[in-house]
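Structure first, then comments.
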Amino acid sequence: MCQLFETIKIVGGEPQNLVLHDERMNRSRLKLLGMKDILKLSDFIAVPDNAKEGIVRCRITYGRSFVSAEFSSYSPANILTLKLVEAGTLVYDHKYLDRSRLNALIDKNAADDILIIRNGCITDASYANIVFSDDRRQVTSDTPLLCGTMRELLLRNGVIKEERITVDDLHRFTHFKLINAMLGFDAPWLPLKNLISNVV
């Protein structure tokens with residue numbers, strides 16, 4: 001059975017950005033499983049008392065219906081460097097529970113995480129979308145592996161733009177940052193030199 005998941009940020013007991021999580025979940029259920037009924041995460045998330053303070057991660061596992069909700073404390077990983085890795089055949093266009101092909105690309109001895117290249121185009125880090133800045137504008141690649149909910153929110157609100165970004169385009173930018181449901185847009189901007197760019 002195909003299992004997928006959503007990671008929901010809980011702040012002060014309140015789930016964040018549920019509309020976009022609902023949209024992605026129901027798109028995946030329709031495309032992969034043929035399920036036309038509409039599920040709402042708000043019907044399934046019951047935040048326990050011990051998760052109502054601070055920032056908490058909620059992982060919802062689902063398939064044809066909801067499977068489980070798990071709550072855990074959250075502190076962001078200290079990701080400072082990314083190694084560019086070519087993965088031309090990798091497909092991760094839905095938030096599959098099985099991340100083994102993604103995880104197999106990571107080499108912690110080379111960098112803190114990876115930046116995945118597919119057919120010469122920038123896609124994502126292993127667990128986040130990426131935004132680049134040239135000190136005038138903030139752009140994300142139009143070829144992501146997975147369309148993240150924070151990426152979608154920032155695009156809809158006009159905070160970032162999307163465009164085709166290839167490896168050869170990287171020199172046009174000065175900084176980058178990672179974004180996802182948990183990080184929001186709050187991760188630090190990192191200098192472009194923190195990309196280890198000899199693609200393997």
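What to note about this one:
- Sparse-neighbourhood loop sites, trypsin sites (Lys or Arg not before Pro) in the stretch 1-72 - DSSP loop, at most 10 other Cβ within 10 angstrom: Lys36
- The calculated FRET efficiency for Gln3 paired with Arg172, based on their beta-carbon distance and R0 = 41 Å, is about 0.55.
- Rule-of-thumb Rg ratio for the stretch 82-196 [Cα; 2.2 N^0.38 Å; N residues]: 0.98
- The long axis of helix 18-33 is offset from the longest Cα principal axis of the chain by roughly 90 degrees.
- In this rough spin-label picture, where each label sits 7 Å from Cα along the Cβ direction, the Ser100-Leu190 distance is 2.8 nm.
- Between Thr61 and Val19, the distance separating the two model label sites (each 7 Å from Cα on the Cα→Cβ line) works out to 3.1 nm.
- Value in Å of the Kirkwood radius, where the chain supplies the Cα pairs that are averaged: 17.7
- Length added when fully stretched, Val11-Arg164, from 0.36 nm per residue minus Cα-Cα: 51.7 nm
- Non-local lysine pairs in the chain, meaning eight or more places apart or on different chains, with alpha-carbon distances under 18 Å, amount to 12.
- Relative packing of 12-21, 109-118, which averages over residues the other C-beta atoms within 10 Å, highest first: 109-118, 12-21
- Set the Cα radius of gyration of the stretch 63-113 against 2.2 N^0.38 Å, with N its number of residues, and you get 1.48.
- Rg over Rh [alpha-carbon atoms, Kirkwood Rh] for the stretch 4-73: 0.99
- Bridges between two residues of the stretch 82-196, per DSSP, are antiparallel at a rate of about 60%.
None of the figures in this text is laboratory data; all of them are computed from the coordinates on show. Since this is a predicted model, take the numbers as computed values, not measurements. Here the Cβ is made from the backbone with ideal geometry for all residues, glycine too, and neighbour counts use every protein chain on show.
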